[in-house]
Amino acid sequence: MVQTAPSLLSANFLNLERDIEMINQSEADWLHYDVMDGSFVPNISFGFPVLSAVMKKLEKPLDAHFMVLHPESWIKECARLGVRMFTVHQETCPNLHRTIQEIHEAGMMAGVALNPATSISVLEEVICDIDMVLIMTVNPGFGGQSFIASMVDKVTRLKAMITAKGSKAWIECDGGVNLTTGKQLVDAGVDILVAGSFVFKSADPRQTIIDLKNL
Ligand code: DX5
Ligand code: ZN
């Protein structure tokens, strides 16, 4: 069964407590938390004051997606707050191997995200050192964008690379996920589906999470 990670970016910010309680009571495997800096991506989301409040209520593991320059600056703070998975963009990490080591030394799982235009080949040397690859299926920065169909083949090729190298890394996909695109990704070998607007804008978010998991 595919894991599901609702993305808080599409929650109701005037009623975050209610939405986190919904996540706690749901079949969701993770809560996905998008941090944006207005430099690496053309948007700003939320940072540590909100994360700290979320962590007080959340009963699921948190998957932090850092769309920021210098993500390594925030490793210790995330570990202190209890973040389970810390994901950096390959495009922001000139010393990626060191950053992965620092995430593991802080006691978290390490994920590496790739923008749609970034080839999976940049991960060949670290694929056995990481816990997850996040394939962006939209350009990062906003919820509610359309799925980029060519990313399905990228997931198929990444899955083959992971198998060939004997890596245990999970594949997560993020952006434009719904039941149609999610099914294509499940068939291609995805392990975790992130879904923001499809979950939070649906009439019955808890049922939508179950529907995604059953793909
Ligand atoms: C976009 C974020 C996503 C976003 C996905 O840059 O990384 O996590 O919340 O939103 P949907 O599922 O609406 O495309
Ligand atoms: Zn994300």
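List of remarks:
- Magnitude of the charge dipole, region 85-180, Cβ model with Lys/Arg +1 and Asp/Glu -1, debye to 20: 260
- Extreme residue, positive dipole direction of region 87-215, given options A117, V199, N95 (C-beta unit charges): V199
- Range of Cα positions in the chain per principal axis (Å), largest first: 42, 36, 29
- Furthest towards positive pole of dipole, P42, I171, M1, structure part the chain, Cβ charges: M1
- In summary, the aspartates and glutamates within cross-link reach of K201, defined as a Cα separation below 12 angstrom excluding same-chain residues under 8 places away, comprise D19.
- Order of exposure, largest accessible area first, which applies to D29, D34, D187 with probe 1.4 Å: D187, D29, D34
- Taking N as the residue count of region 14-126, its C-alpha radius of gyration divided by 2.2 N^0.38 Å amounts to 1.09.
- Each Lys and Arg contributes +1 and each Asp and Glu -1, all at the Cβ; summed about the Cα centre of the chain, the dipole is approximately 180 debye.
- Taking the Cα centre of region 1-91 as reference, the dipole from Cβ charges on Lys and Arg (+1) and Asp and Glu (-1) amounts to some 260 debye.
- Bridge type composition, region 1-101 - antiparallel percent by DSSP, nearest 5: 10
- Of A79, L16, C128, farthest towards positive along the dipole that unit charges on Lys, Arg, Asp, Glu beta carbons give the chain: L16
- Debye-sum result for region 1-57 in log10 I(q)/I(0), which assumes one identical scatterer on each alpha carbon, at q = 0.15, 0.26 Å⁻¹: -0.47, -1.14
The values are calculated or read from the model by the stated rules, or taken from the named source; none is laboratory data. No experiment lies behind these values; they were computed from the predicted model shown. Heads up, the Cβs are rebuilt from the backbone with ideal geometry, glycines too, and the neighbour counts pull from every protein chain shown. Protein only, heavy atoms only, side chains kept; ligands, DNA and RNA dropped before computing areas. Shrake-Rupley method; radii C 1.70, N 1.55, O 1.52, S 1.80 Å.
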